[in-house]
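Working notes, structure below.
Nothing in this text is a laboratory measurement; each read-out follows from the coordinates by a stated rule. All of these numbers come straight from a predicted model, not from anything done at the bench. All Cβ positions, glycine included, derive from the backbone under ideal geometry; neighbour counts span all protein chains shown.
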Amino acid sequence: MLIKGARAPKLVTHEMIGTMQPGSVLVDVAVDQGGCFETTHATTHSNPIFLVDDVIHYCVANMPGAVPNTSTRALNNATLPYMLKLANMGAEAAVKADPTLAKGVNTYRGAMTYPAVAEAFGLEYTPLTALV
C-alpha cells in the first residue's frame, strides 16, 4: 500500500520476518518513504542487501537508478503526454481538462492542494477545484 506524501506504514513486523524461511528475500519498494518493514534501513546499489534473522533484505532507495537508460525512457514515455498537454493548453486549462493531471498538483497559488501531503506536513489543505 502506498500512501502518497506520507510515511509508509510498517506492514511487515520483525516478528513476521522471524517466521520466514532462512534465505527468503524481502524487497522494500517503499524504502524512499521510510520503508514498509520494521527492519528496513536504506541500502545502496553498491551495498544492496543485509540480513535479519537469515532473511535477505533489499532496500535500495531509487531502485530505477540501477537501470538508468531504461528507467529514463519509461518515465519519459509515461510523462510526455502530460507535458505536451501542459505545453499546448497551458497549466490551468490542462488541469481543468484532465482529472489525472489535476491529481498530480500538490500546490497552486500558494495553497496546498494535495490532502495527504498537507496532512503529512501539518499544513492547511485547499481543494484544487476551489482555486481553478
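General remarks:
- Residues located in region 78-118, provided they are free of Cβ contacts under 8 Å to residues at least 40 places away in the same chain, outside any helix (DSSP H, G or I) and of a type outside the set (A, V, I, L, M, F, W, C): GLY90, ASP98, GLY104, THR107, TYR108, ARG109, GLY110, THR113
- Reported count of residues in region 18-68, each being assigned to a strand (DSSP E or B), touching a helix residue (DSSP H, G or I) at 6+ places or on another chain (Cβ under 8 Å) and more than 27 Å from ALA120 (Cβ to Cβ), is 2.
Residues checked against (1) closer than 22 Å to ARG7 by Cβ; (2) of a type in the set (A, V, I, L, M); (3) in contact with a His (Cβ under 7 Å, 6 or more places away or on another chain):
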{"site": "CYS36", "(1), (2), (3)": "yes, no, no"}
{"site": "THR39", "(1), (2), (3)": "yes, no, yes"}
{"site": "THR44", "(1), (2), (3)": "yes, no, no"}
{"site": "MET63", "(1), (2), (3)": "yes, yes, no"}
{"site": "PRO68", "(1), (2), (3)": "no, no, no"}
{"site": "ARG73", "(1), (2), (3)": "no, no, no"}
{"site": "MET83", "(1), (2), (3)": "no, yes, no"}
{"site": "MET89", "(1), (2), (3)": "no, yes, no"}
